[in-house]
Amino acid sequence: MKAVEQLQQIPMFRELTAEEVRYLARKLEERDYKKDEVIYREGETPGMLYMIQHGAVEITKKTPTGHRQVIAVILAGQFFGESCFLENRPHAARAKATVDSRLFQLQRSVFDEMEREQPFLVQKLLREIILVMSANLDAMNDMFLQMIQHVFYGGKAVKNEIHGQRD
């Protein structure tokens, strides 16, 4: 089963047993996207979690001036769409293949079925999703602080002083 071997290469599935990977392979859909093909648009609620088998996906957000700002580039072995997947809310950004790509897709309804049939598998998947979301949040916080430092302090290092004390 080629899909099983490919799934075992994805970091998100590194803690799964061979049996769990085989089960998951039966539940996932595979879909090819051509270069520049839109996977989802802002405002859509497809209810899917996407994992890149091969290729790359660019996540962009429309700015108030109407330009598209790249907020993330997702590469093979990574996943995206997790917030909307878990919260069942519309996407706040657009996802587009930057090269010909193949994605594994997990529908929310299938995930709910898996939750009943394989609760330990779902627990492992959720743990991986949470770890990646946490790392993404840390990275966004760092970028925000760098932006603030640049905007308000011209990129110069700032000493943290409170009542004469330094960090």
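The values are calculated or read from the model by the stated rules, or taken from the named source; none is laboratory data. Nothing here was measured: the structure is a model prediction, and the numbers come from that model. Ideal geometry is used to build each Cβ from the backbone, glycine not excepted, and the neighbour counts take in all protein chains shown.
Just so you know, in segment 85-108 the residues that are assigned to a helix (DSSP H, G or I) and at pLDDT 90 or above include one that is nearest to the chain's Cα centre (by Cα), and it is Phe85.
If the condition is being surrounded by 12 or more Cβ atoms within 10 Å (Cβ to Cβ) and not in a strand (DSSP E or B), then segment 52-74 contributes only Gly55.
Residue-wise test of (1) buried (at least 17 other Cβ atoms within 10 Å of the Cβ); (2) part of a loop (DSSP other than H, G, I, E, B).
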residue	(1), (2)
Asp32	no, no
Lys35	no, yes
Glu42	no, yes
Leu49	yes, no
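If you go through segment 134-142 one residue at a time, do you hit one that is surrounded by 10 or more Cβ atoms within 10 Å (Cβ to Cβ), modelled with pLDDT of 75 or more and farther than 30 Å from Leu7 by Cα? Yes; the residues of segment 134-142 include at least one that is surrounded by 10 or more Cβ atoms within 10 Å (Cβ to Cβ), modelled with pLDDT of 75 or more and farther than 30 Å from Leu7 by Cα. The residues of segment 80-107 that are of a type in the set (Phe, Trp, Tyr) and under 13 Å from Ile39 (Cα atoms), listed by number, are Phe80, Phe104.
Within segment 84-98, restricting attention to residues that are surrounded by 15 or more Cβ atoms within 10 Å (Cβ to Cβ) and not aliphatic (A, V, I, L, M), the residue that is nearest to Thr60 (Cα to Cα) is Arg94. Looking at segment 26-44, I want the residues that are touching a residue at least 12 places away in the same chain (Cβ under 8 Å) and have a partner that is hydroxyl-bearing (Ser, Thr, Tyr) and assigned to a loop (DSSP other than H, G, I, E, B) with Cβ atoms under 8 Å, at least 6 apart or on another chain. Which pairs are those? Taking only residues 6 or more apart or on different chains, the pairs are Lys35/Thr98; Asp36/Thr98.
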